[in-house]
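*Asks:* The structure's right below; bear with me while I get my questions together.
No value in this document is a laboratory result; all are computed from the given coordinates. As the structure is a computational prediction, the values presented were derived from the model and not from experiment. Using ideal geometry, Cβ is built from the backbone for each residue, glycine included, and neighbour counts are taken over all protein chains shown.
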Amino acid sequence: MKTKSFNWESKLVQTIELAIDVALAFLGMVTVLYFRGEIDVTTIESTFDFFRDLILTNLLQLFLIVTFFRVYKTSITKNSFRKVMPRIFLALLMTEITLVFLPFIISGFTFSKLTFFYSFFIQLIYLGIFKYIFYYIYKRVNIKNVILIGDKEGVQLLATKLLLSNSYIKIKYLIYESDSESDQLITIYKYIDKVEMVYMTPKLNEEKKNSIIQYCIGQNKKFFLIPKIYEIAIKNARITQIGDVLAYEVDGLEMSFENRLAKRTLDIFISLIGVVLTAPIMIVFAMLIYRQDKGPIFFKQERLTIHNRKFTLIKFRTMIVTAEENTGPVLASENDPRITKFGNIMRKLRIDELPQFFNILKGDMSIVGPRPERQFFVEQFIKENPDYKYRMVVKAGATGLAQALGKYNTNFEDKLRFDLYYIRNYSMFQDFLILLDTIRAIFDRKSTEGIDESSDFEEVLKFNNLFLLESSEEPSLVRIFEK
């Protein structure tokens, strides 16, 4: 068994990063207070009040940054600085807004509203400089060599995603699954020893997958699995026993009555508030849509929700009036020519989704859940992957885990994994986090310099200045080299 090298993604590193962030937030506020002449340490009482209020504000920032905006749970990628700064911006902004109302809760709160206004910018600058330096150093000390193993199509698709995500990894080897079990396992073990991490596709033979996992565990190698449906289903399995045999107890995917009742109550509460708060926005955009081309304001379409029940989805219209007259049912793409210029803005800001508050009030949808699809596409997806039917065991949602964590052009199978993971791990707290991640996603629109996951594998390799070299001695092995 090999000894593991230092783990730069460990809780220790995250804790140190968090401690520095809190210290910088603290320093940012002290800087503002010092230059505004608000620091008064002439008496013990004033010193105590000062530090009490200062610590209180920083604890609030800590809670928001860690719990709600999940700054320390994002995967470390080359664009992590760009990804994490919008989260920090929102966390600081929410903190300052909250602190404005704190004097009404705590009498004698010593800081002025103007102090919060200035400290927001100073803290953002301090944290921005630190994060830039942190990720600059990180990407130079934490590059991992990896190997991808599985069916050829799955391996190339996974390699494409990894290359486009700009992860701090270097793909060294691809191994396509072959019929020769024993010979290929020897090859796989040999090349696993040359890398730090192993990735396996979902279609990899179960027996071979088990052997590779056992070898990785024995060699202290980190490995990643793209899960199958049953692997998601056992995520929260309970330990039980049958006689003297250890067993997993696994429930069905459907939510319990208690969870359904709590979810419906939350849906009514949030959608009522949503209708009241966004009514002025909806009125303004309704007038703008009509003025654009005199067409209908709303887009209405039959979709499927829980147990394949049909309902009429309401959205603001973002496409031209004759969008599907000649094409029939077609899924919208990222740069769809049918989308109007004004509609494109609404989609980016999710304003077109606001009328769905009425769908939620009616009970056709939930705030959070798998996005509703048309029957035509649901039937197509089920033909391609029968597991797709399992996402229909809950109500469709205005947003979901796939929308919060995925991308616009994420394929339906990857979205399905997100949706089934959400159903299996449902909680009201998770719904709240997904809502916050949806807000973050609006400010975190990823652009990949003219190339996306629909691009050919060879095109992605060329874009990254890489080329493949197949092994003449080991036919299933492919090496990747930089040009």
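*Asks:* Bins of 10 Å, beginning at zero and ending with the bin holding the largest distance: percent of Cα pairs per bin for region 111-257, please.
*Replies:* Calculated over all Cα pairs of region 111-257, the distribution is 9, 26, 23, 19, 14, 7, 2, 0 percent.
*Asks:* For a test of the definition: using alpha carbon positions, the gyration tensor, and the 1.5 limit on a/c, classify region 257-442 as rounded, prolate or oblate. Present the calculation step by step, with values, prior to reporting the outcome.
*Replies:* Details: a/c = 1.71, a/b = 1.20, b/c = 1.42.
Cα axes put region 257-442 in the oblate bin.
*Asks:* At what distance in nm do the modelled label points of Ile320 and Gln292 sit from each other, each positioned 7 Å from its Cα along Cα→Cβ?
*Replies:* Reported label-point gap for Ile320 and Gln292 is 1.3 nm.
*Asks:* How big is the charge dipole of region 230-298 about its Cα centre, in debye rounded to the nearest 20, if each Lys and Arg gets +1 on its Cβ and each Asp and Glu gets -1 on its Cβ?
*Replies:* On the way: 7 positive and 8 negative charges, 109 e Å.
Computed about the Cα centre, the dipole is about 520 debye.
*Asks:* Can you work out the FRET efficiency for the pair Val245 and Glu302, with r the C-beta to C-beta distance and R0 = 45 Å, to the nearest 0.05? Intermediate results must be reported in sequence, preceding the final value.
*Replies:* On the way: r = 49 Å, r/R0 = 1.09.
Using R0 = 45 Å, I get an efficiency of 0.35.
*Asks:* On to the next question. Would you mind computing, in nm to one decimal, how far apart the modelled labels at Glu206 and Leu266 are, each placed 7 Å from Cα along Cα→Cβ?
*Replies:* 3.4
*Asks:* Per-residue counts of other Cβ atoms within 10 Å, averaged by peptide: what ranking do you get for 83-96, 364-377, 124-137, highest first?
*Replies:* Packing proxy ranking, top to bottom: 364-377, 83-96, 124-137.
*Asks:* Which entries in the list Lys294/Lys395; Lys170/Lys407; Lys221/Lys383; Lys161/Lys310 go over 26 Å, if you measure between the two C-alpha atoms of each? Don't skip to the answer; put the middle values down first.
*Replies:* On the way: Lys294/Lys395 34 Å; Lys170/Lys407 23 Å; Lys221/Lys383 37 Å; Lys161/Lys310 34 Å.
Those over the limit are Lys294/Lys395; Lys221/Lys383; Lys161/Lys310.
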